[in-house]
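This report concerns only the one structure given below.
No value in this document is a laboratory result; all are computed from the given coordinates. Fair warning: this is a prediction, and the values are worked out from it, not measured in the lab. Here the Cβ positions follow ideal geometry from the backbone for every residue, glycine too, while neighbour counts run over all protein chains shown.
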C-alpha cells in the first residue's frame, strides 16, 4: 500500500473541525490547519502574526503574565515536550464580546525531524457546556445547590458589609476597595475567579496549578492598595457570584474549594501587613518590593 503524501496529510488536517497546530521543541509553530487559520483571522490576528507559522506559540499564549489559564497551558505543554507527561488537556473559557465560548485544549507528543514536538488541538465544546448548564439548572438538585450557594453568598455579603471597627477604619480607610478603586477591585476579582477555576480543575483532574503563588500576588496587591478583611470578602463574594450565575453542576464544588482559598488569601494578606508598614491607601504603580517578589 502506498504511503500517504504530505499534501494528503495537509488535506486531512484541513478537513478536521478542531483548530490544529504543529509546534516544535522550541515552541515555534511549523504548521496550522484551515480551522486554526480561520479562527485567527476572525479573532484579532488576521495576518497570523502571533498564531501563524513561524510565531512562538508559548510566547503568544502569554501576552500578560497574570493570565493563569495561559500559564497552566504553557506549563502543561512544556511537560509533554520534556517527556514528564504523556499528554495534556484542559478546558478553558474563550469568550468573545458577543458570545460565550469554551474550548478543550489537547496536547500530544510526536517527533519532527528526530526532535520531540507537539500536536496541539483546540476543540470548541461550547455546546456541551451550555447543554450541561441548562440540564443542571432544570433539576431539583441544581435548584437546591444554587439556593444553598445564594444563602452562603448572602451571609458573606452581610459580613463584608458590617461596620468596621474604629481601628480598621483608621488603618484601611473608610471606603471599601470596590468604591475607592473600582478598576483595581474588578481586576483582582477576575483574577481570583480564575484561581477558583484552577482550584476546581486541580481537584477534578489531579493537575497542578500555581494556586498559592497566585493568591500571594493577589494578597500583595490587596495589601498595597491598603485593603482590609472586608475587601477580601468582597473580592471572594463577587468572584463566587460569577460561578453561581452559570448554573453549572459543580457549583457546590466551587463553594467547597473557595472556603480554603479564602482562608489562605486572608493569611497571605495578614503576612503582607506583618512584613510591610501600613500607610495611606494609594494607587499601585510605584516601586513595590513585595509585589515583584511574589511575581517572580
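Roughly how many nanometres apart are two label points built 7 Å out from the Cα toward the Cβ at residue 113 and residue 275?
Spacing of the two 7 Å Cα→Cβ label points: 4.5 nm.
Give me the one-decimal nm value for the distance between modelled label points at residue 98 and residue 49, 7 Å along each residue's Cα-to-Cβ direction.
Each label point is offset 7 Å from its Cα along the Cβ direction, giving 2.3 nm.
Residue 208 to residue 7: FRET efficiency via 1/(1 + (r/R0)^6), r the Cβ-Cβ distance, R0 35 Å, to the nearest 0.05?
Taking R0 as 35 Å, the efficiency between residue 208 and residue 7 is 0.30.
Can you pull the one-decimal nm distance between simple spin-label points at residue 30 and residue 187, each 7 Å off the Cα toward Cβ?
Calculated label separation equals 3.9 nm.
For a protection proxy built on the mean count of beta-carbon atoms within 10 angstrom, sort 177-189, 107-119 highest first, please.
177-189, 107-119
Using mean Cβ contacts within 10 Å as the protection proxy, how do 14-22, 90-98 order, highest first?
14-22, 90-98
So for region 11-97, averaging the separation of alpha carbon pairs under 8 Å that are six or more residues apart and normalising by length, what relative contact order in percent results? Kindly include the intermediate steps, with their values, before the conclusion.
Numbers: 91 pairs, mean separation 16.1, N = 87.
Across region 11-97, relative contact order equals 18 percent.
Explain nothing, just the number: relative contact order of region 81-134, from Cα pairs under 8 Å at least 6 residues apart, as a whole percent.
29 percent
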